[in-house]
């Protein structure tokens with residue numbers, strides 16, 4: 001089954017609002033094996049809505065449309081659909097009852113515009129909205145199902161879950177599409193592609209591969225379509241097994257897991273505590289780790305030493321080293337990592353010192369130069385990196401690299 | 001001038017990634033008076049890209065396309081465009097030089113896939129990418145300008161700002177549209193709307209107002225269209241003057257300024273230093289402050305005390321208070337703010353302690369309860385808040401509120 005999503009709303013076209021409905025709907029449809037072939041955003045304009053319908057009706061099996069169903073004069077979707085399907089408006093008593101009850105409950109008087117929300121085109125199946133006053137509508141024509149819902153995210157989500165998905169499940173046999181995402185850290189996209197060339201060449205025809213880069217992280221998404229779906233899990237397992245042999249040390253998780261969650265799982269399993277000492281990353285490592293609920297079980301905290309005096313006074317870095325070599329060098333991160341473990345009494349530690357830019361670079365230490373040290377037990381591992389991009393990207397890459405370094409030291413893969 | 005935006009990427013159609021490029025591009029185009037008529041997301045599929053081009057070329061004046069220009073095998077946009085425009089691929093020496101220099105600078109060896117990124121269709125104008133290896137491309141046909149850029153947001157933004165906008169400004173006569181955004185913190189959107197009812201009623205016809213909320217922050221965007229543009233600056237100045245009378249303490253800046261920049265400007269002007277002591281915000285305040293280049297001039301650092309032992313041992317919080325009242329109370333944040341000033345020797349400080357959730361709430365202290373204290377000289381100001389939303393939203397609202405509280409104490413507006 002192939003689908004398309006139409007979002008109606010000027011506020012999106014002028015860049016005032018990001019369309020989060022379409023991505024949520026596509027997650028739901030994909031979970032049921034319904035492929036989304038196209039997403040489009042159009043204006044609150046009858047002509048444009050009609051043109052888009054002309055293009056999609058008969059070409060997709062399912063079209064999901066959101067927006068333009070409110071009670072005000074700029075909401076024209078319902079009338080446009082009535083015209084498109086040559087269908088006259090009729091009052092739906094069940095919907096009117098719901099709207100009347102709603103206004104009674106919130107203690108507001110009902111206006112004529114609210115009453116008119118209970119009118120829908122005669123040819124549609126009404127989808128009762130339990131979370132608001134605008135009903136959803138379900139049309140079928142030319143082999144295409146067209147669903148129209150309000151654009152308010154929580155009303156739309158309620159309608160999808162309560163009405164649309166159950167109707168779809170009843171009517172169609174869903175083909176299996178399986179997605180699996182492998183998360184890697186530490187290898188840039190083009191290197192990864194070179195490293196995986198043979199593996200990629202051997203992919204079965206029914207498997208599609210996509211590289212999805214983020215600063216410091218590349219996600220590899222495998223998509224398995226229905227023609228080899230009967231043993232989908234086995235196929236994926238085998239492919240991932242081969243990947244794990246090629247680059248065991250760079251894979252930190254699967255699907256929606258974050259690097260900070262993956263590190264958290266490991267620390268929790270081992271019963272280990274962690275503290276960080278951050279200079280150039282300025283709290284980003286701490287805020288990533290603490291974004292995970294329950295992280296206080298293993299994360300003790302951090303010292304952000306943005307000033308060299310804090311590095312020496314609080315973390316015990318030897319001031320003569322800073323004087324001699326500057327704050328961005330191996331000895332300083334090693335002493336920061338040792339100092340924070342001593343001060344916070346933790347099993348493991350992470351320390352960073354670098355030049356995030358845009359200022360502060362030199363020929364010897366250009367912007368992006370970063371020293372990272374991680375410690376665990378009697379192991380201390382320090383390495384110099386050179387990250388590219390602007391200040392924000394340098395900080396994120398340094399933070400991701402530091403988290404992965406600690407994982408690798410814990411797992412003994414470095 | 002009418003435009004359309006095409007986003008290419010399976011990752012968006014399967015709901016893995018929200019398309020933030022399209023909304024950003026449409027903000028830029030709208031700022032120059034270029035209307036966006038349609039946005040569409042299509043698959044990394046040559047047929048679908050070609051169909052979409054067929055539909056848009058000749059119908060819009062400008063088509064902006066992002067995605068599918070990476071070095072890996074799933075990136076097919078460039079070849080599809082070459083085929084569409086019957087244009088053969090040629091090596092662009094200037095681009096090759098840039099890519100070679102890039103790899104030399106980051107100290108990595110260049111692969112064949114990277115070298116091939118310097119090839120572009122013969123018929124296009126190359127848009128040099130200063131932020132990555134994939135160049136942008138500018139085609140003109142059937143009265144339509146087609147621009148193709150990589151989907152990596154910061155590369156795309158760089159290309160838009162450095163190349164595309166200047167080219168557009170050269171070629172077309174832009175109608176004057178003036179935007180001015182007023183940034184407020186501390187008043188929820190619906191309260192703000194009530195507070196500004198009269199001011200809003202008096203807005204001239206040529207001025208449009210939009211409320212743009214973010215967690216803890218509401219931006220008020222005024223848009224002035226060309227029919228009264230001759231005295232645009234005067235009109236805006238007068239409107240902002242009235243706003244400043246209504247809510248002087250809540251406005252922290254204009255346009256693209258961030259709250260952390262605004263605080264930084266104030267600290268720098270006064271020659272004051274700052275340190276923070278964070279519990280529930282877990283480093284987010286530190287990472288916001290240090291996201292500003294040059295913040296090391298006034299920001300000394302932070303102690304993230306995720307564990308109560310750190311609050312007592314490092315920050316000197318009285319353990320009997322934590323035992324008696326818990327870590328989320330007035331006394332604890334006051335002692336944290338005092339402790340970090342003493343430890344880091346700064347003029348001002350910020351301290352937070354709260355329940356970010358989802359766990360840890362109680363009837364007396366539900367999730368979202370947060371105590372914040374700011375100190376400057378002999379002033380200490382502490383207040384309890386109750387933020388709503390998930391863990392991430394609670395943390396961001398608490399961080400924004402804390403930064404604004406310190407601004408208000410420095411400015412004597414609280």
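Nothing in this text is a laboratory measurement; each read-out follows from the coordinates by a stated rule. Predicted, not measured: the structure shown is a model, and the values here were computed from it. Using ideal geometry, Cβ is built from the backbone for each residue, glycine included, and neighbour counts are taken over all protein chains shown.
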Notebook entry, point to check: Helix-derived [θ] at 222 nm for chain B: sum -39500 (n - 2.57) over DSSP H runs of at least 4, divide by residue count, nearest 500?
Noted result: -11000 deg cm²/dmol
Note to self: Relative to 2.2 N^0.38 Å, what does the C-alpha radius of gyration of segment A:178-254 come to as a ratio? Two decimals please.
What the structure shows: 1.05
Next item on the list: Run through every distinct alpha carbon pair of segment B:213-255 and return the Kirkwood hydrodynamic radius in angstroms, one decimal place.
Entry: 11.9
Next item on the list: With a Förster radius of 22 Å, plug the Cβ-Cβ distance of residue B:108 and residue A:324 into 1/(1 + (r/R0)^6) and report the FRET value to the nearest 0.05.
Entry: 0.15
Item checked: Cα pair distances of segment B:259-410 binned at 10 Å [whole percent] -> 13, 46, 33, 8, 0
Check: Could you give the distance between the Cα centres of segment B:120-181 and segment A:136-157, to the whole Å?
Finding: 36
Next item on the list: Starting with the fewest neighbours, write out B:29, B:236, A:259 ranked by other beta-carbon atoms found within 10 Å of each beta-carbon.
Entry: B:236, A:259, B:29
Next item on the list: Please give, to one decimal in nm, the separation of the simple spin-label points placed at residue A:269 and residue B:265, each 7 Å out from Cα toward the Cβ.
Entry: 5.0
Note to self: Nearest 10 degrees is fine. How inclined is helix A:391-410 to the longest principal axis of chain A, computing both from alpha carbons?
What the structure shows: 70
Checklist line | Fully extended contour minus Cα-Cα distance, from residue A:171 to residue A:331, at 0.36 nm per residue | finding: 50.9 nm
Check: How far is residue B:247 from itself in the other copies, in nm, if each label sits 7 Å out from Cα along the Cα-Cβ line, shortest first?
Finding: 4.8
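Report the relative contact order of chain A, percent, no decimals, based on alpha-carbon pairs under 8 angstrom and at least 6 residues apart.
Value for chain A: 11 percent.
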Checklist line | Residue mean of other protein chain beta carbons inside 10 Å, A:211-219 | finding: 3
Check: Averaged across the residues of B:27-40, what count of C-beta atoms belonging to other chains lies within 10 Å of each residue's C-beta?
Finding: 4
Item checked: chain A, Cα convex hull volume normalised per residue, Å³ -> 197
Checklist line | Relative contact order %, segment B:29-186, counting alpha carbon pairs below 8 Å whose residues are six or more apart | finding: 27
Check: What angle do you read, to the nearest 10 degrees and between 0 and 90, between the alpha-carbon axis of helix B:21-31 and the longest principal axis of chain B?
Finding: 90
Next item on the list: Using a 10 Å cut-off on Cβ atoms, rank the peptides A:201-211, B:2-12, B:324-334 from the highest mean neighbour count down.
Entry: B:2-12, B:324-334, A:201-211
Next item on the list: Note the distances from residue B:358 to each other copy's matching label point, with points 7 Å along the Cα-to-beta-carbon direction, in nm, sorted shortest first.
Entry: 4.2
Margin query: Based only on other Cβ atoms within 10 Å, what is the fewest-to-most ordering of B:142, B:189, B:260, B:249?
Written below: B:142, B:189, B:249, B:260
Check: Between copies, how close do the residue B:93 label points come, placed 7 Å along Cα→Cβ, listed in nm from shortest?
Finding: 8.3
Note to self: Given N residues in segment A:2-171, what is its alpha carbon radius of gyration divided by 2.2 N^0.38 Å?
What the structure shows: 0.98
Next item on the list: Give the order of B:123, B:255, A:75 when sorted by the count of other beta carbons within 10 angstrom, beginning with the fewest.
Entry: B:255, B:123, A:75
Margin query: With Kirkwood's inverse mean 1/r over C-alpha pairs for Rh, give me the Rg to Rh ratio of segment B:191-350, two decimals please.
Written below: 1.12
Next item on the list: Take the alpha-carbon centre of segment B:229-289, take the same for segment B:300-354, and report the distance between them in whole Å.
Entry: 26
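Give me the mean projected area, in nm² to one decimal, of the convex hull enclosing the Cα positions of segment A:136-284.
Over every viewing direction, the Cα hull of segment A:136-284 projects on average to 14.3 nm².
Would you calculate the convex hull of the Cα atoms in segment B:328-389 and tell me its volume per residue in Å³?
With only Cα atoms used, segment B:328-389 gives 82 Å³ per residue.
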Next item on the list: Enter the Cα centre distance for the pair segment B:368-414 and segment A:1-47, rounded to the nearest angstrom.
Entry: 38
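Between rounded, prolate and oblate, where does segment B:3-64 land on the alpha carbon gyration tensor, with a ≥ b ≥ c its root eigenvalues, rounded for a/c under 1.5, else prolate if a/b exceeds b/c?
Oblate, because a/c is 1.5 or more while a/b does not exceed b/c.
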Item checked: Rh (Kirkwood; distinct C-alpha pairs) - the protein assembly as shown, Å -> 29.2
Next item on the list: For chain A, find the longest principal axis of its Cα atoms and tell me its angle to the long axis of helix A:232-246, 0 to 90°, nearest 10.
Entry: 20
